[in-house]
Amino acid sequence: MAKIVDRLLLFIYSLSILILSILAILLLSRSIRMPVDFRLDLNMLTALIAAASVLILISLRLLYVSLRTSRSHLHLVDQRTDLGDIQISVETIENLCLKAASRVRGVKDPRTRIRMTEPGLEVQIRAVIDGEHAIPQLTEEVQRGVKSFVQEITGVPVASVSVYISGVAQAPAFKSRVE
């Protein structure tokens, strides 16, 4: 709901700035007569018309942004089969990626991001490791596991799996009690 209100406010704001800028250019170029006659030197007049022109361009861009449909925000992945259409939420695919990444021994606290591209899903995994396993083998195992698990469960092709190791988990420190 907040996004809709923000887009509506952006639309209204952009439209009003656009109208005011066009009106300013018409007044400054003397296409419309003003009730009060005032004189501006040529440099000031040129600067004001240029500023109004820039505001028009910015307003047109903001109007476009407020009216276009957001394609970058993917909420569903559509699959077409012989029996009909299947829609899988991105959240579901993210959860499957987390499940597959968590299965790999040594991976802690994985996080994921999904992007849909022409060749297939691009999966980004961010995780902490335990520090006891070799990183190249660990990340390769995560990549293979996530790709095969997601493709097997959803039927959606996975183009790539990127792994970012954000840190090493610290072993919990045990305090010994001496009695």
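The values are calculated or read from the model by the stated rules, or taken from the named source; none is laboratory data. Quantities reported herein were computed from a predicted structural model and do not represent experimental measurements. Quick reminder, even Gly has a Cβ in these numbers, built from the backbone with ideal geometry, and neighbours come from all protein chains shown.
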* Which of the residues belonging to segment 146-160 are within 14 Å of ARG103 (Cβ to Cβ) and touching a helix residue (DSSP H, G or I) at 6+ places or on another chain (Cβ under 9 Å)? -> VAL146, LYS147, SER148, PHE149, VAL150, ILE153
* Look at segment 125-163 and say how many of its residues are in a helix (DSSP H, G or I) and not hydroxyl-bearing (Ser, Thr, Tyr). => 17
* Asked: So which residues in segment 1-29 are over 11 Å from LEU62 (Cα atoms) and of a type in the set (Gly, Ala, Ser), if there are any at all?
  -> ALA2, SER16, SER21, ALA24, SER29
* Asked: Among the residues of segment 63-70, is any surrounded by 13 or more Cβ atoms within 10 Å (Cβ to Cβ), in contact (Cβ under 8 Å) with a residue 40 or more places away in the chain and among the polar types (S, T, N, Q)?
  -> yes
* **In segment 119-147, residue surrounded by the fewest Cβ atoms within 10 Å (Cβ to Cβ) [restricted to those that are out of contact with any strand residue (DSSP E or B) (no Cβ under 7 Å at 6 or more places or on another chain) and free of Cβ contacts under 8 Å to residues at least 24 places away in the same chain]** => PRO136
* To do: Take ALA159 and decide whether it is in contact with a Ser or Thr (Cβ under 7 Å, 6 or more places away or on another chain) and either within 30 Å of LEU10 (Cβ to Cβ) or at pLDDT 90 or above (or both).
  => yes
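Residue by residue, here is whether (1) at negative phi; (2) modelled with pLDDT of 90 or more holds:
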{"site": "GLY84", "(1), (2)": "no, no"}
{"site": "GLU94", "(1), (2)": "yes, yes"}
{"site": "SER102", "(1), (2)": "yes, yes"}
{"site": "GLU122", "(1), (2)": "yes, yes"}
{"site": "GLU152", "(1), (2)": "yes, yes"}
{"site": "TYR164", "(1), (2)": "yes, yes"}
{"site": "SER176", "(1), (2)": "yes, no"}
* Asked: Quick one: is GLU122 assigned to a helix (DSSP H, G or I) and not polar (S, T, N, Q)?
  -> no
